[in-house]
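The values are calculated or read from the model by the stated rules, or taken from the named source; none is laboratory data. Please read all numbers here as calculations on a predicted model, not as lab measurements. Cβ coordinates were reconstructed from backbone atoms using ideal geometry, including for glycine residues, and neighbour counts include every protein chain displayed. Note: areas computed on protein heavy atoms with side chains; ligands, DNA, RNA excluded. Shrake-Rupley method; radii C 1.70, N 1.55, O 1.52, S 1.80 Å.
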Amino acid sequence: MEKFIQNLPKAELHLHIEGTFEPELLFEIAQRNKISIPYKTVEELRKAYQFDCLQDFLDIYYQGASALQTEQDFYDLTFAYLQKCHTQNVRHTEIMFDPQTHTDRGIAFETVINGISRACEDAQKQFGITSFLIMSYLRHLSEEDCFKTLEQSIPFKHKIKAVGLDSSEKGNPPSKFQRVFEASAKEGYIPLAHAGEEGPAEYVWEALDLLKIKRIDHGNNALQDAELVKEIIKRDMALTVCPLSNKALKVQPDLTQHPLKKMMNLGLKVTVNSDDPAYFGGQVNKNYEEIQKALQLTKADLYQIARNSFEYSLLDSDTKNQYISELDQYYKMN
Ligand code: HPA
Ligand code: ZN
């Protein structure tokens, strides 16, 4: 199975670039920027990656991201992730970035976007990987702050495919961002959002009805509401599920109890993703491997998940079909 997963052509649809910041690279970048971090060694930093909930993780994630200063830093971070994609047969990726994490500490929007997008262009040339960028708003900040970010993004609109909504979910419902999502859609950005990770099914309803999202990040708590499940199926929307993230943040501490297979049986379209691989113990293939073992998934299940990853990506239908025929070919031979 490990080999089948390793070579399976796939797309990653839920990935925060700041969450790919491995301790080794974090130390290297902090040193070259002469920034001190409150850990002496890579091992000590890795040991701090123990979380009881989403907020625990976010505190350390934002602290790590503050080492990023220059366009080259954002380039190095992104290119390191794309190299890992290449070795895992990730053929396409949709990368979230959190501009406010950087602009709020004085880094220019263009520094962030130019570093990330240049790495994406280079990876496409070198490895043939396609990618899109998703600009994610931080939901613990005000709507006004998000409008500022939207404004800053306009000169770089051609580099951004979609908007997302991440950070602390509880107490920050989608309704808080209805107007900024409306304005973002007017600019041509596709609306996406985290919903139902720690927040209730009600937040998933709001993300659907008020933010008009096209895909749900996580969505675990949608299962608490049968009507909502029906609605998600009716609207043909996918869930970007992140097993190792769910385990690390205690959304689902025991993977043998993870609802992924139940979601599939209900008719929901699921994909498997790494979310923040540097913090949650594994890249996308490790997520496939661990959930396969925990739930005894078959090759047919894994094929379906990989197929969903292309089908529910934001790619145009020609490119989707090319990837899917590559996948079909692989599945037939293996
Ligand atoms: N949830 C919410 N916000 C985030 C996450 C997540 O899993 N990862 C990075 N920011
Ligand atoms: Zn996420």
Item checked: Candidates 110, 121, 144, 94 - the one that is over 22 Å from residue 217 (Cα atoms), touching a residue at least 40 places away in the same chain (Cβ under 8 Å) and not in a loop (DSSP other than H, G, I, E, B) -> 110
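Might you check whether a residue that is open to solvent by 10 Å² or more (accessible area, probe 1.4 Å) and closer than 21 Å to residue 94 by Cα occurs anywhere in the range 204-211?
no
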Notebook entry, point to check: Of all residues in the range 1-49, which are open to solvent by 70 Å² or more (accessible area, probe 1.4 Å) and assigned to a loop (DSSP other than H, G, I, E, B)?
Noted result: 1, 34, 36, 38, 40
Margin query: It is to be established whether one or more residues within the range 77-89 are within 30 Å of residue 311 (Cβ to Cβ), in contact with a Gly (Cβ under 9 Å, 6 or more places away or on another chain) and open to solvent by less than 10 Å² (accessible area, probe 1.4 Å).
Written below: yes
Next item on the list: Kindly indicate which of 151, 143, 94, 71 is of a type in the set (D, E, K, R), open to solvent by less than 50 Å² (accessible area, probe 1.4 Å) and either modelled with pLDDT under 95 or farther than 30 Å from residue 326 by Cα (or both).
Entry: 143
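Please work out if residue 262 is in contact with a Cys (Cβ under 8 Å, 6 or more places away or on another chain), open to solvent by 10 Å² or more (accessible area, probe 1.4 Å) and farther than 16 Å from residue 94 by Cα. Outline the logic, then answer.
Working: in contact with a Cys (Cβ under 8 Å, 6 or more places away or on another chain): no; open to solvent by 10 Å² or more (accessible area, probe 1.4 Å): yes; farther than 16 Å from residue 94 by Cα: yes.
So residue 262 fails the test.
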Checklist line | Residue under evaluation residue 35, criteria (1) touching a residue at least 40 places away in the same chain (Cβ under 8 Å); (2) away from ligand 1 (no atom under 16 Å from the Cβ), criterion not met | finding: (1)
Checklist line | Tally of residues being closer than 12 Å to residue 135 by Cα and touching a Phe, Trp or Tyr at 6+ places or on another chain (Cβ under 9 Å) across the range 84-105 | finding: 7
Item checked: Odd one out for residue 176, checked against (1) in contact with a Ser or Thr (Cβ under 9 Å, 6 or more places away or on another chain); (2) open to solvent by less than 40 Å² (accessible area, probe 1.4 Å) -> (2)
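On the basis of being part of a helix (DSSP H, G or I), within 15 Å of ligand 2 (Cβ to nearest atom), without any contact (Cβ under 8 Å) to a residue 40 or more places away in the chain and in contact with a Gly (Cβ under 9 Å, 6 or more places away or on another chain), does residue 229 make the cut? Before the answer, list the steps.
Values: part of a helix (DSSP H, G or I): yes; within 15 Å of ligand 2 (Cβ to nearest atom): no; without any contact (Cβ under 8 Å) to a residue 40 or more places away in the chain: yes; in contact with a Gly (Cβ under 9 Å, 6 or more places away or on another chain): yes.
No; evaluated as a whole, the condition is false for this residue.
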Next item on the list: Report, by residue number, each residue of the range 10-26 that is within 11 Å of ligand 2 (Cβ to nearest atom) and among the acidic types (Asp, Glu).
Entry: 18
